[in-house]
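Undergrad: Sharing a structure with you now.
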Amino acid sequence: MRVIAGRFGGRRLRAPAGRVTRPTSERVREALFSMLGDITGTQVLDLFAGTGALGIEALSRGAARVVFAERDPAVLAVLKDNLAALGLTSSEAEVRGGDALAALRSAQEHAETYDLVFIDPPYRHARAWSLRLPQALPPLLKPAARVVSESDRRSALTLPLELERERRYGDTLIRIHRNQ
C-alpha cells in the first residue's frame, strides 16, 4: 500500500499482519481524492483510521492537520509507525487511541471543528454506527464541511446529511455528504 499523490506520493505505508484492518484500496483512494478536489489547508478527522491511509493521503495533498482515531492497540502502533516514517509532526498529525465516540467527545470538549471527516468503520458495524453518529458528529462540522463514508454496499452507513456524491467500487460504497 502506498500514498498516491502529493508530497508523500509513492511512499509505502505499513499495514498490520492478518485481517485486522481493511485499508482503503489505492484505486478507491485515488478516485475519492479526485472527487474531493483541492483540500489545501483543511482540518481533517479520520475516524476508524486503521493504517492512516486516508488521513495521510489528505496530509500529502495539503491538509493542514489530521486527527486520527483508532482503538485497536496493534493497529494503533502501525499507524504511529507510518506517521513517524513520514516525519509528520504532532501539529500536523495527532493520534487519539480509543473508540470513535470517545474521539468525537474529546473533539467536542476541545471545541474542535473539521472541514473533512473520514468514516470507515468495520463493514459489519456500519449500520450500528448509522445510529450512533448522527448526534455526535454535527457539532464538529464546519459550515459546508464534507463527510466521507466508506462501507459495504449491502450494509451501507447512512448519515442525515445532504448526499453530494455516491460511487460504488465493487462491494465498496463511497458517499460524500455535505454539512449545511
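What follows draws every value from the coordinates through simple rules; no lab data is involved. Every value quoted in this text rests on a predicted model; they were computed, and no experiment measured them. Note that each Cβ is placed from the backbone with ideal geometry, even for glycine, and that neighbours are counted across all protein chains shown.
Undergrad: Counting DSSP beta bridges with both partners in the stretch 26-178, what percentage is antiparallel, nearest 5?
TA: On the way: 14 of 32 bridges.
For the stretch 26-178, the DSSP antiparallel bridge percentage is about 45.
Undergrad: In whole Å, what are the extents of the stretch 1-94 along the principal axes defined by its C-alpha atoms, from largest to smallest?
TA: Ordered largest first, the stretch 1-94 gives principal extents of 33, 29, 21 Å.
Undergrad: Another one. Taking the Cα centre of the stretch 26-178 as origin, sum charge times position over the Cβ atoms of Lys and Arg (+1) and Asp and Glu (-1), and report the length of that vector in debye to the nearest 20. Provide the component values of the computation, followed by the final result.
TA: Working: 20 positive and 21 negative charges, 94 e Å.
Rounded to the nearest 20 debye, it is 440 debye.
Undergrad: Under a GNM of the chain (C-alpha, springs under 10 Å), which listed residue has the highest mean-square fluctuation: R154, R29, R11?
TA: R154
Undergrad: Taking amide H positions as placed in the peptide plane 1.01 Å from N, state which residues far from L13 in sequence (5 or more) or on other chains have amide H under 5 Å from it.
TA: The list, which skips near neighbours in sequence, is R2, V3.
Undergrad: Looking at the chain as a GNM with Cα springs under 10 Å, which of Q135, Q43, Q108 has the largest mean-square fluctuation?
TA: So, out of Q135, Q43, Q108, the one fluctuating most is Q135.
Undergrad: Considering only Q108, P138, S60, whose Cα is most displaced toward the positive end of the charge dipole of the chain, charges sitting on Cβ of Lys, Arg (+1) and Asp, Glu (-1)?
TA: Highest projection toward the positive end goes to S60.
Undergrad: Treating the stretch 96-180 as a set of equal point scatterers at the Cα positions, no solvent, please give the Debye-formula log₁₀ I(q)/I(0) at q = 0.11, 0.12, 0.18 Å⁻¹.
TA: Debye curve over Cα of the stretch 96-180, log10 I(q)/I(0) at q = 0.11, 0.12, 0.18 Å⁻¹: -0.28, -0.33, -0.75.
Undergrad: Cut-off 10 angstrom, C-alpha nodes, Gaussian network model of the chain. Which of F33, F68, F118 fluctuates the most?
TA: Of F33, F68, F118, the Gaussian network model singles out F33 as fluctuating most.
Undergrad: Now for a separate question. Looking at [x] 116; [y] 185; [z] 105, which value of volume of the Cα convex hull per residue in Å³ comes from a calculation on the structure shown?
TA: Identified label for the calculated read-out: [z].
Undergrad: Per the Kirkwood treatment, what hydrodynamic radius in Å, one decimal, follows for the stretch 13-67 from the mean inverse distance over all distinct Cα pairs? Mind showing how you got there, number by number?
TA: Values: mean 1/r = 0.0849 Å⁻¹.
After inverting the mean inverse Cα-Cα distance, the result is 11.8 Å.
Undergrad: Same structure again: Which value in deg cm²/dmol, rounded to the nearest 500, describes the helix-derived mean residue ellipticity at 222 nm for the chain, given -39,500 (n - 2.57) per DSSP H run of n ≥ 4 and division by the residue count? Write down the numbers at each step before the final one.
TA: Details: 5 runs with 53 residues, N = 180.
When only DSSP H runs of four or more count, the value is -9000 deg cm²/dmol.
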